[in-house]
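To start, the structure under review is shown below, and the notes come after it.
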Amino acid sequence: MTLELSSPLLLSLRVAFFATLLIVVFGLPICLLLARVRFPGRDLLGALLALPLVLPPTVLGFALLAVFGRRGPVGSLLEGAFGVAIVFHESGAVLAAAVAAFPLFFLPARSALAGVDQRLEDAARLLGRGEWSVLRHVTLPLAWKGLMAGTLLAFTRALGDFGATLMLAGNIPGRTQTAPLALYDAVNAGDPARAWRISAWLVSIALVVAWFGQRGLERRTH
Amino acid sequence: MALQVQLRHQIRAGPRLDVTFRVDDECVVLFGASGAGKTTILRLIAGLVRPDEGLVCLSEKVLCETSKHFHETTRKRRIGFIYQDDLLFPHLDVAGNVRFGLACWGRTEAEHRLAETAALCHVDHLLSRSIEGLSGGERQRVGLARALAPRPRLLLCDEPVSALDVSGRDVLLQMLASVRKTERVPMIYVTHAPAEAVTVGDRLLLLDDGRIVEEGRPLDVLARIGPRGGLADLRNVHEAQVAAHEVGATRLQVPGGPELIVPRCGAAVGARVVVTIRADDVLLAKSGTAPLGLSARNVIPGVVERIVAHEEEAEVVVATGSVRWVVSVVSPALAALCLHPGSPCTMIFKARGCHLLPRD
């Protein structure tokens, strides 16, 4: 693999990894809250969190730019207080990929957590287990399939994000140019060989992820 | 005193509970039709539901006192619970399930207790098995071992045998009765089946529309209330004494009633047993019309005392001496027999239709 090809691919893998980490860390408590607690506006919050799935990616990217841009409410705060820049940075690519891919984790994970029989959690409490232990030893193992499927879907979606990443992080070779953006550039530049190579790598990575996921699910089932 | 309960609670789309009772070192049966509030009482005691008003004390420790806004968390109550549909953890094997409540125990102690409860509930040979593939009876025995392992101060049983076949029921009921004595744990047992109430219960509380309306020895209360409409699994339950053994059969004498022939049992002559016969398993004939040469060994004359018709079905209460029987008959058959209160009749049932439960 040439440096020219490896740089966008490695960046894509890094972006997808950190985006997935963000999604799981923030998404799991949100899924638990929505699956277990009834509160006013719960359905509205659920719909908002699933919104990136149906929004055009460019609209999503524009919205992120409005919020996290240098003049945006959160972007200006982050840059002023912590010196963290989001726009035209790798962190912007991670954020854009995380937001775009969030519903693909959120929907199956929430459904899997809601599907865990709460009487089993009560049985664990009656056996002396606290809430953290119930979550770790009953809820998460029983919702494992949905959580794993959601994580893999989110990872592959983050790996292939284009529109939102382009809007928030730009397309700077060696800095924010992920593999899908490099593919777009290759097609624009009339370099189909490079475009094929990038596509093949992206398909291969997605296949490996899907294969590992399938193996993991089967092992868990048996 | 082991457990003291005073509860007032409005069940959603159900009756308003208003119950006060205590449980000493005994098995108390909460008996009543579906929807009477039995399971909710167990959930309130276990702390899975907060009562509107009430007080629950276990071994002189307050678990819940609504007037002081005190509600002990479920995990600190040390209450064992056995469920109708076992609720074993499907992602753990049998040992993992039984060990689940021993997380705070030392390793050696926990392994010792695991082996002890597994042996007590006859699941020691299943410890390495996964939950899938266990029979209904095995699953319930694992559930019992899991509930007993952390040495609960109270055992709550919510119709644990209702999903089992007759032999599975009898095995688990006898195990519950013996385990209660071995572990010396007070127990509340919820059921709407008279035979279960008699087998495990020292005292029965009859619950109707959220209130306790009768209380006493299970056999006494069941005899007082008689056959009640709406009670599933209607059975005749009689105390009897083993009169004699013969080849393949045992003769029982029901005090004040007839002699019964049942499948041979191991109880000694003179031993007290409880015999149950399903109301559906008893045939009814007009007196003098019972055919000769029947394969059924119990042919018992009696007198129709009353008839209670429920749409397509009718329950006929038959008196034999001082003993009352309930026979389930479909309405057209009843009309064909032209039976009415005072009619002499004959009850016919197989020895195999009689199920014995040890009493002592």
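The values are calculated or read from the model by the stated rules, or taken from the named source; none is laboratory data. These numbers were taken from a predicted model, which means no experiment stands behind them. Neighbour counts run over all protein chains shown; Cβ positions are idealised from the backbone, glycine included. What goes into the accessible areas is simple: the full protein's heavy atoms, side chains included, and nothing from ligands, DNA or RNA. Shrake-Rupley method; radii C 1.70, N 1.55, O 1.52, S 1.80 Å.
Here are the numbers for this structure:
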{"quantity": "Whole-Hz couplings from phi, Karplus 6.51/-1.76/1.60, listed for segment A:48-65; x for Gly and Pro", "calculated": "4, 6, 8, 4, x, 5, 9, 6, x, x, 5, 5, 4, x, 5, 5, 5, 4"}
{"quantity": "Loop trypsin sites (Lys or Arg not before Pro), segment B:1-84 (other Cβ atoms within 10 Å of the site Cβ: 14 or fewer; DSSP)", "calculated": "B:ARG12"}
{"quantity": "Among beta bridges that DSSP assigns inside chain B, antiparallel share in %, nearest 5", "calculated": "80 percent"}
{"quantity": "Charge dipole of the protein assembly as shown about the Cα centre (unit charges at C-beta), most positive-ward option of B:PRO186, B:LEU334, B:VAL213", "calculated": "B:PRO186"}
{"quantity": "Pairwise label distance in nanometres, A:ALA210 with A:ARG175, each label 7 Å out on the Cα-Cβ vector", "calculated": "3.6 nm"}
{"quantity": "Residue-span extension gain [B:ASP208 to B:ARG50] - 0.36 nm each, minus C-alpha spacing", "calculated": "54.8 nm"}
{"quantity": "Using θ = phi - 60° and Karplus 6.51 cos²θ - 1.76 cosθ + 1.60, couplings along segment B:186-203 (whole Hz; Gly, Pro as x)", "calculated": "x, 9, 10, 10, 9, 7, 10, 9, x, 4, 5, 4, 5, 5, 9, x, 8, 9"}
{"quantity": "Dipole moment magnitude, nearest 20 debye, chain B about Cα centre, only Lys, Arg, Asp, Glu C-beta charged", "calculated": "600 debye"}
{"quantity": "Pair A:PHE82, B:SER331: separation of 7 Å Cα→Cβ label points (nm)", "calculated": "7.6 nm"}
{"quantity": "Rounded FRET efficiency, nearest 0.05, which uses the C-beta distance separating B:GLU215 from B:ALA249 and R0 of 51 Å", "calculated": "0.85"}
{"quantity": "Test item: Cα-centred dipole of the protein assembly as shown, Lys/Arg +1 and Asp/Glu -1 on Cβ, debye", "calculated": "960 debye"}
{"quantity": "23 Å Cα-Cα reach of B:LYS286 towards lysines, excluding residues that sit fewer than 8 places from it in its own chain", "calculated": "B:LYS350"}
{"quantity": "Per residue, in Å², the accessible surface of segment A:1-137 once ligands and nucleic acids are set aside, probe 1.4 Å", "calculated": "52 Å²"}
{"quantity": "Proximal lysines relative to B:LYS61, as straight alpha-carbon distance under 20 Å, when same-chain residues fewer than 8 apart are discounted", "calculated": "B:LYS76"}
{"quantity": "Of A:LEU127, A:LEU22, A:LEU166, the one that fluctuates the most in a GNM where chain A has Cα springs shorter than 10 Å", "calculated": "A:LEU127"}
{"quantity": "Listed residues A:GLY80, A:GLY150, A:GLY170, most fluctuating in chain A (Gaussian network, C-alpha, under 10 Å)", "calculated": "A:GLY80"}
{"quantity": "Pairwise centroid distance, computed over Cα atoms, of segment B:92-160 with segment B:254-271, Å", "calculated": "36 Å"}
{"quantity": "Per-residue ³J(HN,Hα) for segment A:12-29, Karplus 6.51 cos²θ - 1.76 cosθ + 1.60, θ = phi - 60°, Hz, x for Gly and Pro", "calculated": "4, 5, 5, 4, 5, 4, 5, 5, 5, 4, 4, 4, 5, 4, 8, x, 4, x"}
{"quantity": "At least 20 Å² of accessible area lost relative to the chain alone, listed for segment A:108-126 with a 1.4 Å probe", "calculated": "A:ARG119, A:LEU120, A:ASP122, A:ALA123, A:ARG125, A:LEU126"}
{"quantity": "Dipole magnitude (debye, nearest 20) for segment A:81-222, charges at Cβ of Lys, Arg, Asp, Glu", "calculated": "360 debye"}
{"quantity": "Carbon/sulfur fraction of accessible area - the protein assembly as shown, other protein chains in place, 1.4 Å, %", "calculated": "58 percent"}
{"quantity": "Probe 1.4 Å, all protein chains present, accessible-area order of B:LEU154, B:LEU334, largest first", "calculated": "B:LEU334, B:LEU154"}
{"quantity": "Amide H within-cut-off set for B:CYS265, under 5 Å, with H built and near neighbours excluded", "calculated": "B:THR250"}
{"quantity": "Other-chain or far-sequence residues with amide H under 5 Å of B:ASN236's (modelled H)", "calculated": "B:ILE277, B:ARG278, B:ALA279"}
{"quantity": "Under 15 Å from B:LYS68, Cα to Cα: aspartates and glutamates that are on another chain or at least 8 residues apart", "calculated": "B:ASP52, B:GLU53"}
{"quantity": "Segment B:1-97: GluC sites (Glu not before Pro) in DSSP coil with no more than 16 other Cβ atoms inside 10 Å", "calculated": "B:GLU26, B:GLU60, B:GLU72"}
{"quantity": "Between A and B, accessible area buried - total, square angstrom, nearest 100, 1.4 angstrom probe", "calculated": "1600 Å²"}
{"quantity": "Per residue value of the accessible surface for chain B (all protein chains in place, 1.4 Å probe), Å²", "calculated": "44 Å²"}
{"quantity": "Among A:PRO52, A:PRO192, A:PRO108, residue whose mean-square fluctuation peaks in a GNM of chain A (springs only between Cα atoms under 10 Å)", "calculated": "A:PRO192"}
{"quantity": "At least 20 Å² accessible surface lost relative to isolated chain, residues of segment B:66-110 (1.4 Å probe)", "calculated": "B:THR74, B:ARG75, B:ILE79, B:TYR83, B:ASP85, B:LEU87, B:PHE89, B:PRO90, B:HIS91, B:PHE100, B:GLY101, B:ALA103"}
